[in-house]
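Below is one structure, written out as structure tokens; comments come after it.
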């Protein structure tokens, strides 16, 4: 649901090209939750489902979307459904906590977890959960960048002009070259005098694609 769909689609496209049997159900309307539409969207071959929420609900038995999915499948028989697909194993997970990026490599790690006989419940991706120890590690070998992509990471100190310079550079590349440029800026809460990492990329896009920065490997100071 939401912006996480893009990262999930990129991962699924890559995995299905290599013969993996994986899929995605997009929740476009959360309230009212349409039980009939959700159950119809599930393929007959589904055996395990991971429901992702971008929130953590302390004290609750599960996050909001996870609870809705479990309830929908439990009450599906009252909506005329009688299928083995509605007995699939359902686990809940969290992503994007603390505004962490949600990348295709994290989605791949979720599918790897679902392949296990007993996948983790209430797992987290994107951060190291040192309280519950249910974090999933993103697959470091899962890279989707195409040839011709130039990426760099710049480190500066708050108020030293690094962010402004990089914003101008991105504009110059986008306005004066055939490349599409992106910039992603991280600001420390202290701002002045603190570290301000900047990720920058330039690439040629194929028609209809919209991709985010995925971990540049070239640090620059």
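Readers should treat all values here as calculations from the given coordinates under stated rules, not as data from a laboratory. Everything numeric in this text was worked out from a predicted model, so none of it was measured. Cβ coordinates were reconstructed from backbone atoms using ideal geometry, including for glycine residues, and neighbour counts include every protein chain displayed.
Below, the figures for the structure above:
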{"quantity": "DSSP bridge orientation in the chain - percent antiparallel, rounded to nearest 5", "calculated": "55 percent"}
{"quantity": "Structure-derived Rg/Rh (Cα atoms, Kirkwood Rh) - corresponding label in [x] 1.32; [y] 1.03; [z] 1.38", "calculated": "[y]"}
{"quantity": "0 to 90° range, to nearest 10: angle between helix 64-74 axis and the chain longest Cα axis", "calculated": "30 degrees"}
{"quantity": "Least to most buried among 73, 106 (fewest other Cβ within 10 Å first)", "calculated": "73, 106"}
{"quantity": "Cα long-axis angle, helix 162-176 against the chain (0 to 90 degrees, to the nearest 10)", "calculated": "90 degrees"}
{"quantity": "Cα→Cβ-extended label distance, 7 Å offset, between residue 22 and residue 157, nm", "calculated": "4.3 nm"}
{"quantity": "Candidates 105, 74, 181, ranked by Gaussian network fluctuation over the chain, Cα under 10 Å, top entry", "calculated": "74"}
{"quantity": "Residues 16, 162 arranged by fewest to most Cβ contacts within 10 Å", "calculated": "16, 162"}
{"quantity": "Between region 162-179 and region 87-116, the alpha-carbon center distance in angstrom", "calculated": "34 Å"}
{"quantity": "C-alpha long axis of helix 104-114 to longest principal axis of the chain, angle in °", "calculated": "30 degrees"}
